[in-house]
Amino acid sequence: MNGTFTAANAVLAIMWTGLTAYALFGGADFGGGFWDLLAGNTERGRAPRRLIEHSIGPVWEANHVWLIFVLVVLWTSFPIGFASIASTLYIPLTLAALGMIARGAAFAFRHSVDQPLLQQLFGASFAFSSMVTPFFLGTIAGAVASGRVPPGIAAGDVITSWLNPTSILGGVLAVGICAYLAGVYLCADAAGHPGQPLLEYFLTRAVRTAVLIGLVALAGIVVLHADAPALFDGLTSRGLPLIAISAAAGLSSIVLLVRRRLAPARVAAALAVTAVIWGWAAAQYPYLLQPGLTVQAAAAPAATLHAMLLSLVVGAALLVPSLAYLFTLFHRPDPAPEQ
Amino acid sequence: MSRHGVDLAWTTAVTGLLADPAASDLYHARMQMALSLGWHIVVACFGVGFPAMVLFAEWRGSRRGDPDMDALAHTWAKAMGVLFAIGAVSGTILSFEMGMLWPGLMERFGAIYGFPFTLEGFAFFIEAIFVGVYLYGWSRLPTRIHLLSGLPMIAAGVAGAFFVVSANAWMNTPTGFQIRNGQVVDIDPWAGMANPSTASQSAHMILGAVMVTGFGVASVYAVGMLRGRHRRYHRLGLLVPLSVAAVTAPIQIVVGDWIANVVAEHQPAKLAALEALYHSGGAAPLSLGGIYVDDHLVGAIEIPYGLSLLIHHDPHGFVAGLDRVPPPLRPPVNVTHLSYDLMVGIGFALLGLAAWLGWAWWRRRDFPRSAWFLRAVALSGAAAVVALEAGWVATEVGRQPWIVYQIQLTRDAVSTAPGLRYGFYLVLAVYLVLTVMAVYVLRRLAGAHMAPIAPQEPEPQHQPTGGSSL
Ligand code: HDD
Ligand code: HEM
Ligand code: HEM
């Protein structure tokens, strides 16, 4: 019994780490598309779009697999949790999936056509879906966090489970977080380019977004208090230290940005987002689905959890060096940008 | 095509069911699953088969200083990049659908059926990483390191296919658990992966992926040669993938025989449907084609003792027919049987093409130069895709009405959420657009109009030196 308990928590923690990685890496990818969308007409937007593209290009596919990772761990280790979430929330999930298809396909196709009209069409579809997808993912998080996904197949309301104040808050915050992360990361990328023409551009935008998210989060307190009391209680008790860390890290990222300390600003921004995600987990634990379904009760049998832990360890041993190689290879400036 | 056949069968089945919204949602859920899987699988085949071919071309190009091979490697890498990207996005929705459409399956069996998908997730993660390294690292890495960085792509692509097919094999021949008092107990996910169908199905699938890639790429160059492009670049572009596919074709038939024997042993109801056999007994004939009505097969070509011989290597071997299966548990026979015959027919046709190539090569160290040969190669890519789709339709429809053979009915696994059908319409529309776009972009990559701009590379890097067309 105790063995299952530990194993379930270990798998959960790994899954949550995967979710955090998705938010930090995949989120920044989405955010890149967000800034692409707002970059203005073709002429004005060319320079920032190029930088965005340069930063996302080699890594977006790998970043995107984190989501798959979270899903497969969830469905194998907490089958009832996955079945309940996916069946009740099939509408926002379908919309998010279609957004991902539009986004990935448009990004890949953009270079393979030469007519400006098609390029613009693909570009617009990439940018638009980059905004819509995290919104729907955020509504899903809001649905789970506010206890609107009861355990059972399609046991929740397929509409109001994700169209409600907490979900909307989740959606807006998700889009904001993506834009913020991307803005901060892109500042550092821009600083690596000779002359730093885009540094100011992304700096202003990152700072503004950070302030805006702060305001949304403050308003969110009121929303959660009224709409998701259980979550609110959790966030203000067990989750409180993490929420405080998040707020502090967010504020310091603004200060660091303004002072042009870009690398520490990146770290602070990532920490702010990480702390929110784990704050949510802390607030909701021990429930996988509120009310009533604990992590323990939802967990797969011990044999499965052990097989999962084994493959997660072996997989990580293969994955982490590969990922590190990918990122170091591409996060050094291009040695010989040949034309 | 095959999917159309499925459609027809269901249109009839569904007219009776439409009154019942739950049944109609089941129908739409099945169609949505079939559509997105049938789409994904075509692209995914290139993720399994292409890396090795690209790497081979790069290796030959660099080792022998062969500019044509080098140019082929670059062009193929770009196509691989596009295909990989759409493979990845079309795979994502599949994993959502597992829960959106079949929560009953995931809830009950996720702990066992879900496990290979975790391993698959790692495999594709690694594949995605190294595809990124390979495509973008071309100008950054020394050739030797670049070639080495391609190897994990090959390994991960094949491993991923193995894992995911083992999940499908488990649906066909589930193992690794017990059912006691209606509860699923004694779960062992490793034993689930080691089910009786995994070995034959995954071998057959990986070979199928290589055939689709090989014939598919060769057919592009065959079209080009029919249009008068005969440089060495085009000849190599045809010969390399075609040789790979030609070597695979005979092996695939041997594996096909193996897989049929596994089905006969472990899924007798499916075998009966594949062969449209109603009467159980010895001396069972092999029936090709025909339409199955009221437990009779009309208009088929019969080979006496054929089936008994194939399954038991004995003309009087006993083969179970559909009469052994209670009517409500019989799969739709026509779709299953005709898809199966289509796959096998194409398998032998492709074997013939491979033999033609082999003969000419043996005689003259060159491929046949007749226009008919080129026409056949031009068709072979589409034919291999049709065989692949038909094989899957036979497998999946032949398992019905079970989602987990003899354990769980498809209708008990489907989601009870209202309005599933609208999801299907939406997905259908998006896939139509995606298909048009993908075909358009790939045609441009293959076409002579432009030097292919990299799908994944931010700047054009190496321009193919040996000719940018095709
Ligand atoms: C290029 C593709 C291709 C070709 C030429 C063939 N097949 Fe195939 N076949 C497939 C591609 C395929 C597949 C990849 O689509 C399937 C679906 C499920 C699977 O594992 O492989 C399949 C399934 C499948 C099944 C059902 C397996 C099951 O339900 O478990 C049988 C019995 C065969 N095949 C037999 C054959 C035979 C006797 C062939 C000889 C000519 C043949 N196949 C050629
Ligand atoms: C590893 C790969 C695959 C897995 C795990 C898988 C899984 C499933 C599942 C869960 C269903 C729904 C339940 C059912 O109808 O039995 C299904 C149905 C179906 N799948 Fe697959 N599938 C795989 C590959 C494919 C491929 C490549 C195709 C290509 C066309 C395909 C075609 C279909 C069809 C036609 C159905 C509907 C069958 C029916 O309801 O009559 N499948 N599959
Ligand atoms: C026989 C069946 C299948 C084969 C051979 C196959 C193969 C592949 C391959 C090679 C890729 C890498 C992308 C590419 O190269 O195009 C891929 C991606 C993917 N597949 Fe499939 N697949 C199959 C069925 C499925 C099924 C049934 C699912 C889920 C239920 C699935 C989920 C995915 C996902 C989520 C990805 C994206 C991973 C990434 O981003 O790299 N696949 N598949």
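Please treat every number below as a calculation from the coordinates, not as lab data. No experiment lies behind these values; they were computed from the predicted model shown. Cβ: placed from backbone, ideal geometry, glycine included. Neighbour counts: every protein chain shown.
When only C-alpha pairs under 8 Å and at least 6 residues apart count, what is the relative contact order of the stretch B:86-186, in percent? The partial results should precede the final answer.
On the way: 62 pairs, mean separation 30.4, N = 101.
Value for the stretch B:86-186: 30 percent.
Which whole-number percent gives the relative contact order of the stretch B:187-257, counting Cα pairs below 8 Å spaced six or more residues apart? It would help to have the intermediate numbers written out before the result.
Values: 46 pairs, mean separation 29.2, N = 71.
Computed over the stretch B:187-257, the figure is 41 percent.
Mind checking which of B:Met100, B:Leu322, B:Gly137 is farthest towards the positive end of the protein assembly as shown's charge dipole, using Cβ charges of +1 (Lys, Arg) and -1 (Asp, Glu) about the Cα centre?
Sorting the options by dipole projection puts first B:Gly137.
Per-residue mean of other chain beta-carbon atoms within 10 angstrom of the beta-carbon, peptide A:304-314?
Numbers: counts 12, 2, 1, 11, 5, 0, 1, 7, 2, 0, 2.
Partner Cβ neighbours, averaged per residue: 4.
Using only Cα atoms, find the angle between the long axis of helix A:302-330 and the longest principal axis of chain A, and express it within 0 to 90 degrees, rounded to the nearest 10.
10
Could you tell me the relative contact order of the stretch B:232-391? Use alpha-carbon pairs under 8 Å, at least six residues apart, and round to a whole percent. Walk me through the numbers before you get to the answer.
On the way: 202 pairs, mean separation 37.8, N = 160.
Dividing the mean separation by the residue count of the stretch B:232-391 yields 24 percent.
What does the C-alpha gyration tensor say about the overall shape of the protein assembly as shown? Classify as rounded when a/c is under 1.5, otherwise prolate if a/b is larger than b/c, or oblate. The partial results should precede the final answer.
Working: a/c = 2.06, a/b = 1.22, b/c = 1.69.
Because a/c hits 1.5 or more and a/b fails to exceed b/c, the protein assembly as shown counts as oblate.
Taking neighbour Cβ counts within 10 Å as the exposure measure, how do A:Ile277, B:Ile303 sort from fewest upward?
Numbers: A:Ile277 20, B:Ile303 13.
Lowest to highest Cβ neighbour count: B:Ile303, A:Ile277.
Helix by helix, which DSSP H runs in chain B go 18 Å or more along their axis at the Cα atoms and have an average Kyte-Doolittle hydropathy of 1.0 or more? Please list the in-between numbers first.
Values: long enough: B:2-17 (23 Å, 0.24); B:21-63 (63 Å, 0.58); B:67-101 (50 Å, 0.91); B:115-136 (32 Å, 1.49); B:143-172 (44 Å, 1.08); B:198-226 (41 Å, 1.28); B:232-266 (49 Å, 0.86); B:333-364 (46 Å, 0.77); B:371-399 (42 Å, 1.07); B:420-446 (38 Å, 1.56).
Span-like helices in chain B: B:115-136, B:143-172, B:198-226, B:371-399, B:420-446.
Looking only at other chains, what is the average number of their beta-carbon atoms within 10 angstrom of each beta-carbon in B:434-444? Spell out each step's value before the answer.
Details: counts 5, 0, 0, 11, 3, 0, 4, 9, 2, 1, 6.
The mean count of partner-chain Cβ atoms within 10 Å per residue comes to 4.
Let me spell out the model: positive unit charges on the Cβ of Lys and Arg, negative unit charges on the Cβ of Asp and Glu, origin at the Cα centre of the protein assembly as shown. What dipole size does that give, in debye rounded to 20? Spell out each step's value before the answer.
Values: 43 positive and 41 negative charges, 439 e Å.
Charge dipole, the protein assembly as shown, about its Cα centre: 2100 debye, nearest 20.
Given Cβ point charges of +1 (Lys, Arg) and -1 (Asp, Glu) and nothing else, what value in debye, to the nearest 20, does the dipole of the stretch B:254-339 about its Cα centre take? Write out the running numbers ahead of the final one.
Values: 3 positive and 8 negative charges, 35 e Å.
Computed charge dipole of the stretch B:254-339: roughly 160 debye.
With a/c under 1.5 counting as rounded, go ahead and sort the stretch A:204-339 into rounded, prolate or oblate using the C-alpha gyration tensor (a ≥ b ≥ c being the square roots of the eigenvalues; past the cut-off, prolate if a/b is larger than b/c, else oblate). Intermediate values should be presented prior to the final figure.
Values: a/c = 3.12, a/b = 1.12, b/c = 2.78.
Since a/c reaches 1.5 but b/c is at least a/b, the shape of the stretch A:204-339 is classed as oblate.
Relative to the Cα centre, what is the charge dipole magnitude of the stretch A:19-123, using +1 at the beta carbon of each Lys and Arg, -1 at the beta carbon of each Asp and Glu, and rounding to the nearest 20 debye? Kindly include the intermediate steps, with their values, before the conclusion.
Values: 6 positive and 6 negative charges, 28 e Å.
Dipole magnitude for the stretch A:19-123 comes out near 140 debye.
Using the alpha-carbon atoms, what tilt in degrees (0 to 90, nearest 10) does helix A:90-109 show relative to the longest principal axis of chain A?
Taking Cα atoms only, the helix is inclined about 30 degrees.
So, in nm, how far is label B:Ile179 from label B:Arg443 when the simple model puts each one 7 Å beyond its Cα toward the Cβ?
Inter-label distance under the simple model: 4.9 nm.
Quick check for you: which residues of the stretch B:263-305 have the amide N under 15 Å from the point 7 Å beyond the Cα of B:His316 toward its beta carbon?
B:281-284, B:305, by backbone N distance to the label point.
Averaged over B:419-431, how many beta carbons belonging to a partner chain fall within 10 Å of each residue's beta carbon? Before the final figure, lay out the partial values.
Details: counts 4, 5, 0, 2, 7, 1, 0, 5, 4, 0, 1, 7, 2.
Whole-number average of other-chain Cβ neighbours for B:419-431 is 3.
Just to verify a number: FRET efficiency for A:Tyr285 and A:Ile159, C-beta to C-beta distance, R0 = 35 Å, to 0.05? Mind showing how you got there, number by number?
Values: r = 28 Å, r/R0 = 0.80.
With a Förster radius of 35 Å, E is 0.80.
What does the highest-first list of B:422-434, A:156-168 look like by mean Cβ count within 10 Å?
Details: B:422-434: 16.5, A:156-168: 20.1.
With the highest mean Cβ count within 10 Å placed first, the list reads A:156-168, B:422-434.
Under 1.5 on a/c is rounded, so check that first for chain A, then, if it is not, pick prolate when a/b is larger than b/c and oblate when it is not; a ≥ b ≥ c are the square roots of the alpha carbon gyration tensor eigenvalues. Walk me through the intermediate numbers first.
Numbers: a/c = 1.63, a/b = 1.51, b/c = 1.08.
Prolate is the answer for chain A, as a/c is 1.5 or above and a/b outweighs b/c.
Highest mean first, how do A:38-51, B:106-119 rank when packing is the count of other Cβ atoms within 10 Å averaged over residues? Before the final figure, lay out the partial values.
Values: A:38-51: 14.4, B:106-119: 26.8.
Highest-to-lowest ranking by the protection proxy: B:106-119, A:38-51.
For chain A, set up a GNM with springs between Cα atoms under 10 Å and report which of A:Leu329, A:Leu173, A:Leu95 has the largest fluctuation.
Maximum among the listed residues: A:Leu329.
For chain A, what does -39500 (n - 2.57) per DSSP helix run (n ≥ 4), summed and divided by total residues, give at 222 nm, in deg cm²/dmol to the nearest 500?
Numbers: 14 runs with 263 residues, N = 339.
After summing the helix terms and dividing by residue count, I get -26500 deg cm²/dmol.
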